[in-house]
Amino acid sequence: MHGFEDADTGQEHVALVLGNVADEEVALCRIHSECLTGDCLFSMRCDCGSQLKFAMRAISEHGSGVILYLRQEGRGIGLINKIRAYELQDRGADTVEANEKLGFDADLRDYTVCKSMFLHLQVSKLRLMTNNPVKVQALSKLGLEITERVPIETGQNDHNARYLATKAGKLGHLLGKR
């Protein structure tokens with residue numbers, strides 16, 4: 001585990017590393033934004049915890065890889081605002097509408113810190129486990145080479161069907177597409 005502090009925001013992030021990824025030509029990786037409710041409390045409202053477990057298992061089976069765990073709860077709005085967004089969702093808003101009703105953009109995450117984290121780990125080429133094309137574009141703009149997008153199709157259930165449909169329809173996530 002490697003700890004990092006974002007000089008611009010003061011946020012602390014970690015890199016979980018298995019094996020010697022600096023020696024790999026292309027590293028298997030996941031960039032995962034913190035989700036207390038999904039990662040630790042096993043919420044079924046999202047697919048976050050399931051995606052994190054999938055990535056850990058895939059890296060373990062591969063024998064090496066990296067998970068950058070970014071402290072960007074609720075797509076960057078923070079835990080308290082995420083709880084407020086849940087209340088709005090309980091009243092009928094989807095995840096994007098809830099963020100917007102709270103005065104935020106649909107997704108405030110910033111992946112800039114990933115560049116220095118990967119630089120420290122001596123990783124520049126990635127097989128990226130994600131369904132989010134915006135994440136792929138953001139990392140490419142930072143100068144990281146994404147050699148493959150590895151889909152993560154896990155965690156779907158009756159409680160998060162609308163959430164996943166919103167991620168696909170409004171945020172462009174590639175669900176059900178390889």
* Residue check, residue 75 in contact with a Leu (Cβ under 8 Å, 6 or more places away or on another chain), assigned to a helix (DSSP H, G or I) and modelled with pLDDT under 95 -> yes
* Asked: Is it the case that some residue within segment 143-160 is among the aliphatic types (A, V, I, L, M) and farther than 30 Å from residue 23 by Cα?
  -> no
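What is the residue count in segment 166-178 for residues that are free of Cβ contacts under 8 Å to residues at least 40 places away in the same chain and either closer than 27 Å to residue 90 by Cα or surrounded by 14 or more Cβ atoms within 10 Å (Cβ to Cβ) (or both)?
The total comes to 3.
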* Structure fact -> Only unsatisfied item for residue 38, checking (1) modelled with pLDDT of 95 or more; (2) assigned by TED's automatic domain parsing to the domain that holds residue 127; (3) not charged (D, E, K, R), is (1)
* Could you check, for segment 20-33, whether at least one of its residues is free of Cβ contacts under 8 Å to residues at least 40 places away in the same chain, outside any helix (DSSP H, G or I) and within 12 Å of the chain's Cα centre (by Cα)? => yes
* Asked: Is at least one residue of segment 56-78 over 20 Å from residue 130 (Cα atoms) and not hydroxyl-bearing (Ser, Thr, Tyr)?
  -> yes
* Asked: Out of (1) modelled with pLDDT of 95 or more; (2) over 16 Å from the mean Cα position of the chain (by Cα), the odd one out for residue 124 is which?
  -> (1)
* Can you tell me which residues in segment 54-68 are surrounded by fewer than 18 Cβ atoms within 10 Å (Cβ to Cβ) and in contact with a helix residue (DSSP H, G or I) (Cβ under 9 Å, 6 or more places away or on another chain)? -> 64
* Asked: Which of the following residues is under 16 Å from the mean Cα position of the chain (by Cα) and at positive phi: 143, 155?
  -> 155
* Structure fact -> Residue count, segment 118-135, condition touching a residue at least 40 places away in the same chain (Cβ under 8 Å), surrounded by fewer than 20 Cβ atoms within 10 Å (Cβ to Cβ) and either in a helix (DSSP H, G or I) or outside the structural domain of residue 64 (by TED's automatic domain parsing) (or both), comes to 3
* Tell me, yes or no, whether segment 55-70 has at least one residue that is under 26 Å from residue 7 (Cα atoms), assigned by TED's automatic domain parsing to the domain that holds residue 13 and outside any strand (DSSP E or B). => no
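The values are calculated or read from the model by the stated rules, or taken from the named source; none is laboratory data. Treat the numbers as computed from the prediction; the structure is a model and nothing was measured. Every residue, glycine among them, receives a Cβ derived from its backbone with ideal geometry; neighbour counts consider all protein chains shown.
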